[in-house]
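Quick notes on the structure that follows.
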Amino acid sequence: MKGALFIAFVLIAVSWQKVSAEETLIVASEKRECYGPFRRECLLVKDEPSASWRNFYDHINGFDYELGYEYILKVKTEDVPNPPADGSSVKYTLLEEVSKTKV
């Protein structure tokens, strides 16, 4: 019985932890109009050079975008527990601006 309680406790504790990972994003030199809860401009991103651009609806903490430059960024992603209905379930934080190229 004690073993089952311990396992249950460990599983609950693990489920409460924020899950984080690192990823590389390529950010386009221009933005695109996009629609979510309201109309706005979104960054265009892709995961690798051969991929297609996709709208990026989130904010990258610590990143200051400048129109006319293409970026390669290393970002940390973290799951957001109980996100708001109109918000993202992932938080993005800039770890490193690998490159910034005038286009």
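Since every read-out is calculated from the coordinates, none of them should be taken as a lab result. Just so we're clear, the structure is a prediction, and the values are computed from it rather than from any experiment. Note: ideal-geometry Cβ built from the backbone for every residue, glycine included; neighbour counts use all protein chains shown.
Here are some notes:
- Remark: spin-label model distance His59-Ser88 equals 1.0 nm, labels positioned 7 Å along the Cα→Cβ axis.
- Residues listed by number, the range 61-86, amide nitrogen under 16 Å from Glu41 label point at 7 Å toward C-beta: 64-71
- Under a model in which nothing but the beta-carbon of Lys, Arg (+1) and Asp, Glu (-1) is charged, the range 44-103 shows a dipole of about 120 debye around its Cα centre.
- Measuring spread by the Cα atoms of the range 17-102 yields a radius of gyration and Dmax of 13.1, 40 Å.
- Bridgeable aspartates and glutamates around Lys102 (alpha carbons under 12 Å apart, same-chain partners fewer than 8 residues away excluded): Glu30, Glu66, Glu70.
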